[in-house]
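See below for the structure under consideration.
The values are calculated or read from the model by the stated rules, or taken from the named source; none is laboratory data. Computed from a predicted structure; not experimentally measured. With ideal geometry, Cβ positions are generated from the backbone for all residues, glycine too; neighbour counts draw on all protein chains shown. The accessibility values were calculated without ligands, DNA or RNA, using every heavy atom of the protein model including side chains. Shrake-Rupley method; radii C 1.70, N 1.55, O 1.52, S 1.80 Å.
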Amino acid sequence: MKIMNIAENIFYIEKKSFLFKKKRFKYKKLSKKRRRKFSMINYIIIFIKKIIQIIEFLIKTIIEYMILGVPFFLMDYFIRKETKKIQFTVTEKYSYMFSSIYITFFILSSKTLKGNIGKIYYSGLFIFFFLLFLTNIIFFSFTSNFFYFKVLKYAREGRGFMMGVILSMKIEIWVNALLIIFSFVLALFIFRKTKTNNFLILICIFIILIFSQNYTKNIFGPIGKKNWDDFNNPKNIFKECSNPNKCLKIVGFYKYIQIDFFKTYLNFNIFRKKEEKEQLEYLKNIYKDVRIHPENEYTGRFKDKNFIFVQLEGMDIWLLNENNTPTLHSLKNNSFVFSDHYSYLISAGSTFNSEFCVNTGFYTPFTLSGNSYDFYKNSFNSLPKVFKELGYTLKSFHFNEADIYSRDINYLGWGYDKFLSLIKTNTYKDDSLAGLDTELINNKIFYDEIFNTKGKFLYYFITFSIHLPFSNNYHTHHILKKKYGNNIPRYIKKEEIAMILAGETDEMVKLLLEGLKKHNLYDDTVLVLFADHSTNIDRRILNRHKITTDNRINHTPFFIWSANMKGEIINKTSCQLDILPTVLNLIGYRFQEKSLIGRDIFDKNNLGLAFFDDYSWIDGKILYNNGKRVKLQNSSNNEIDEKYILNKTQEVRERFKQNDLTLKFDYLKYILNKK
C-alpha cells in the first residue's frame, strides 16, 4: 500500500509538474508572439516617424531653398518685365529654363560650403547680380538698351553724371530694388549653415552645369545656311549675342550675363581659321568693285574752302529754333538742310561713336567685342587723311581730356595734326568752367589756335554744354548763373534747363562766326553742323517733341552752311555714315565708293537709307523693324513691294557685315595701299 501510495504521489507530482511545464510553455510561446507584435508596431511607428522627419526636413529644405531663390527670381522677373517693351517676339520657355538652371546652381553651390562660408558665398553672388540688375534696369530706362560689359570702357566719360541719372529714375525701379533687398535679408535670416564642406557635391553640380551648357548650345538649332533675316533668328542671336536686347529676351538675365562676359573677356575663338578664310573671301569679293564715285551737280561746290565741323552735343530737333538757338536757326535757313537725318545711338559712348563715324566713314562694330576707339591703328579713307592730301591744317577742339576715349591716339591716327583740350590748357581753377561751350572760342590759347592758322584748315569742334544731367549741378551751374545771376531758382524744369544749355552752344557758334568775320575767313569757310545723338533727357519730356518708341527717336539736325548760299532742303533719308562721302563730293574729291559704308546724299543713285544696330531701317517711306512696317507720314499711299523690303533688309545686313569685317581685318590697309 505504501508503495502504491508513494507511486501515486510520485505520478501526481509528475503530472502536476508536467501540467505546470505545459502551461509555462504556452505562456512563453504567447509572450514571444506579443513581443513580435509589439516589435512590428514599434518598427512601423519608428518608420512613420522617420518618414515624417524626412518630409519635415524636405519641406523645410524646399521652403529654405525657395526663399533663397526668391531674390534671384525677382531680379530675373523684373528684367523680364522690361523685355516686354522690346519689339521682338520669341518664345520665353528657354529663358525660363536657363534662369532656373542658374538659380538652382547658385543655391546648391551655396549649401555645399561649410558654416559662414556658404552664407558669404551666397551674399557675394547676390551683391554681384544685384549690381548688374540695377545697372541693366537703369541703363535700359535711360537708353532703351540693356547693359553690356563692353561699355565699361566708356565709364570714365559718364561718371560725373551717374548720380543725376540715378536720381531721375522712376520710383517703381527703387520699389522693386527694395523688395529684392528685403527678400535677400529674409533669405540670410533663414539660411541654415552646413556642418561640413561637400566639395564632391559641388564638383558634381559644376560638372552638371558645364554639361548643360554644352547641351544647350544648339538648343535653338544648329547654325545653318546664312539667310537675310539671320539677325532675327534666335539661334544666331544666341550664338553671336550681338544685340543685347534680343539676346537677353531669348536666354534670360543670368545666361545673358554669362554669354556677354565670356564674349567680352574670355573670347579666345574670335579668329577661327575656317571662318576667317570665308570672311576674307567675302571682303575680297566686296572690294573687287573699284568704282570711283561719279560726279553730280554738287561735286566741287566747296572746293578749296576752309571747313569747320561742329558736332553739337545732344542738340535735338526740338531745341533748334529761333527762341533757343537764334544763330543756329539763322544758319539753318541758309544751308543745305538734310531734313530726314538720323544719328546713331549705341547705348553708351554715342558722342565718340559719331566722331568715329564722321571721321572714318565706319560705324562702331556691331558684332565684334572691340569699341570704336580700339581701331586707331586701322587704315581709313578718313576725313583728315583726305584733307591732309589737299594741304589743309587739321585740328580738333574739345573741353575734355584727350585720353578719354583715347582721343589723343585716335585723332592722330586718323590724320589730325593736333587734338586740343581746354582742361589741359591749365587756365581754369575750376574745370567745370571749361565745360562752357563759349570757352572753346573765348579761351585765349584756343582762340589763337583757331584764328591764327596760315593757309587752308579743317577744324573739328566737339561741343559739350547740352550734356546730362539737366539740373543745377557743377556742370550746369555756371551756365544757369549767366541767365539768373546769383538768384538761380531752387527748382527749374529739366526741359527749361535743356533749352538754356542749347543757348550756350548757340552762343559759341555766334562767337565763332564773329571771329571768322574779324579775321576775314567768313566768306571762305564752310560749317558742317550735326548732332551726335538726341537729347539724353527724361523720355517723358522727349515724348512731347518727337516719336520715341522706335529709332525715329534718333532723328537729329544736320546742315551744311557757307556764306552767301541759298538755303535748300534735301528730304532724302540719311545717317551719320553719309556725312563723310557727302563732304568729299562737295570738295570734288574722287574716292572709291566701297571704301566707305555710307553714300553721298547728293548722288541720284542713292535713294536714301538710315539703319541701326537692331537691323531696323528707315528709307523715307517706311520704318522696318523686326518684320513690322510703320508707314511714314510723308510717304505715298502706294503699297511697298515685299521684294523691295527683302532687298533693302539684305542691303542693310551686307553693310553691317562689310563694316565689321573690314574693321576686324583692317582690310582697307590693303585696298588703300594699292592706289
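Determine, for each peptide in 610-620, 306-316, the mean count of other beta carbons within 10 angstrom over its residues, then list the peptides with the highest first.
Numbers: 610-620: 22.7, 306-316: 25.0.
Going by the mean number of other Cβ atoms within 10 Å, highest first, we get 306-316, 610-620.
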Debye equation applied to the C-alpha atoms of segment 371-530, log10 I(q)/I(0) at 0.11, 0.15, 0.18 Å⁻¹ | -0.51, -0.89, -1.17
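Which order, highest average first, do 273-280, 439-446 follow once you tally other Cβ atoms within 10 Å for each residue and take the mean per peptide? Provide the component values of the computation, followed by the final result.
Working: 273-280: 11.4, 439-446: 18.5.
Averaged packing, sorted descending, gives the order 439-446, 273-280.
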Quantify how much of the Cα-Cα distance distribution of segment 274-332 extends past 12 Å, in percent.
-> 81 percent
Ranked output for segments 404-413, 599-608, 116-125, 642-651 by mean other Cβ atoms within 10 Å, highest leading, reads 404-413, 599-608, 116-125, 642-651
Mind scanning LYS284/LYS418; LYS494/LYS631; LYS424/LYS482; LYS388/LYS594 and naming the pairs with a C-alpha gap bigger than 26 Å?
-> LYS284/LYS418; LYS494/LYS631
Pairs of Cα atoms under 8 Å, at least six residues apart: use those to get the relative contact order of segment 567-626, whole percent.
-> 33 percent
Would you mind getting the accessible area per residue of segment 355-452, heavy atoms of the protein chains only, 1.4 Å probe, in Å²?
-> 34 Å²
Summed side-chain charge close to ASP506 - residues other than ASP506 whose Cβ falls under 15 Å, Lys, Arg +1, Asp, Glu -1 = -4
Percent of Cα-Cα pairs per 5 Å bin, from 0 to the last occupied bin, for segment 299-367, please list those.
-> 3, 11, 19, 22, 19, 16, 8, 2, 0
